[in-house]
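Each reported figure results from applying straightforward, stated rules to the coordinates on display, with no laboratory input. No experiment lies behind these values; they were computed from the predicted model shown. Don't worry about glycine lacking a Cβ; one is built from the backbone with ideal geometry, like all the others, and counts go over all protein chains shown.
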Amino acid sequence: MVSFSEENIYDVIIVGGAAAALTAAIYAARRAMKTLVIAKSIGGQATMTDSIENYPGFLRIGGVPLMNKMLKQAMKSGAEVFYEEVNGVEEIQKGNVDKPLFLVKTTAGNKYKSKSVILAYGKTPRTLDVPGEGEFGAKGVSYCATCDMPLYAGKNVAVVGGGNSALEAAEYGSKICKKVYLVHRRDQFRGFESLVEEVKKRKNIEILYNSAVKEIKGDGTVHSVVIQDVVTNKTREIPVNGVFVEIGSVTKTEFVKNLVKLDQLGQIIVTNNGNAYYPGRDDIRPGVFAAGDLTQTPFKQLVVSAGEGCKAALQTYNYLSGQQATFVADWVSKKKKS
């Protein structure tokens, strides 16, 4: 049995570098837990937009500045941050301690020990992998209609995809945009029939069946997309100001499938307070928590991820201190002037 000194064991290791992870780090560090954040990079999907208008407290802020503010706050609260990619988490030293220890491994070959782990590294949106997509990221290309569609009010946009997320994005866009082109590779949609019918009713939505985006063009920002008919191979260029890629996202949970319970989409199943479960079982796995987009929450939004990161951190504190969930204010009352 490997033995570690208390000095090199963290109270909590948080895997991830965006809203859920950084919020968890803020709350964990403020509870005087020895906190380590391990992230490949900071910001996640938020860095793909330069204008966020639905995060409380900011009328408008770029994704990068917002994430940097969270990072600065987490570090000021006392969290350490290491820039590495995690590729393994395993439970160790279970027999001779009252609570398990965990070993977190990275692709750099480093290993870190912790009394608990919060998995909060989000999801990765699928990309079109076409010319111009990377060049115009956050300059007309978006992966979040809820976040960015209001920026294109009165303009023409293209929505790419054939599932519920694409249908919802097109329906939402039809309410505020001049015209929405819904680009779908097949001749029928995969979404709910009621939603399909609603989209078909909207006069300013033009559905392009059997079509695929071949290129995104622009000059500083997006000004058009090249669409190819996958049956005839004919192409045409359509003027648009924004392109919303809604073809799903990838949850990279393969390396934790033996640690936590996953759903059919590979998302980590958690309780309302962020506790993860043993794989294939319905009992909670002590010391393991998850938050944000990689969980089964249906709302993949920054503010939701931040709130879930907070809950996971507070639940981690309760777990380590042996307390039940209780209300503890995390602010200081304004002192009255004498």
Legend entry - Cysteines without a disulfide-compatible neighbour (Cβ-Cβ under 4.7 Å), the chain: Cys177, Cys310
Legend entry - Span from the region 62-123 Cα centroid across to the region 285-309 one, whole angstrom: 15
Inset, instruction - Of the options Val180, Leu314, Val37, report the single residue whose Cα projects farthest towards the positive end of the charge dipole of the chain (beta-carbon charges: Lys, Arg +1; Asp, Glu -1). - result: Leu314
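Using Cβ contacts closer than 10 Å as the measure, can you line up Ile205, Ile284, Ile13 from fewest to most?
Numbers: Ile205 20, Ile284 17, Ile13 27.
Going from least to most buried by this count: Ile284, Ile205, Ile13.
What's the longest bit of the chain with no exposed chymotrypsin sites (Phe, Trp or Tyr not before Pro), using DSSP loop states and at most 16 other Cβ atoms within 10 Å as the test?
Numbers: sites that count: Phe4, Phe58, Phe192, Tyr209, Phe299, Phe327, Trp331.
Looking at the chain, 59-191 is the longest stretch - no exposed chymotrypsin sites (Phe, Trp or Tyr not before Pro) with at most 16 other Cβ atoms within 10 Å.
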Inset, instruction - For a footprinting-style exposure proxy, rank Leu128, Leu320 by other Cβ within 10 Å, fewest first. - result: Leu320, Leu128
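Filter Lys40/Lys311; Lys123/Lys234; Lys111/Lys252 down to the pairs with a C-alpha to C-alpha distance above 31 Å, please. Working shown, then result.
Values: Lys40/Lys311 23 Å; Lys123/Lys234 34 Å; Lys111/Lys252 20 Å.
Going by Cα-Cα distance, Lys123/Lys234 fall outside the 31 Å limit.
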Legend entry - Span-like helix ranges in the chain, DSSP H, alpha carbon extent 15 angstrom or more, Kyte mean at least 1.0: 19-30
Legend entry - Over 30 Å between alpha carbons, listed pairs Lys34/Lys105; Lys72/Lys155; Lys69/Lys300: Lys72/Lys155
Legend entry - Mean separation of Cα contacts under 8 Å, 6 or more apart, over the residue count of the chain: relative contact order %: 19
Inset, instruction - Return the calculated 222 nm mean residue ellipticity for the chain, to the nearest 500 deg cm²/dmol, obtained by summing -39500 (n - 2.57) across DSSP H runs with n ≥ 4 and dividing by the residue count. - result: -6500 deg cm²/dmol
Inset, instruction - Among DSSP beta bridges lying fully in the chain, give the percent that are antiparallel, nearest 5. - result: 50
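In what order do His184, His223 fall by count of nearby beta-carbon atoms within 10 Å, going from fewest to most? Write out the running numbers ahead of the final one.
On the way: His184 23, His223 15.
Neighbour counts put them in this order, fewest first: His223, His184.
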Inset, instruction - For Glu215, enumerate residues with amide H under 5 Å from its amide H, sequence gap 5+ or separate chain, H modeled in the peptide plane. - result: Val226
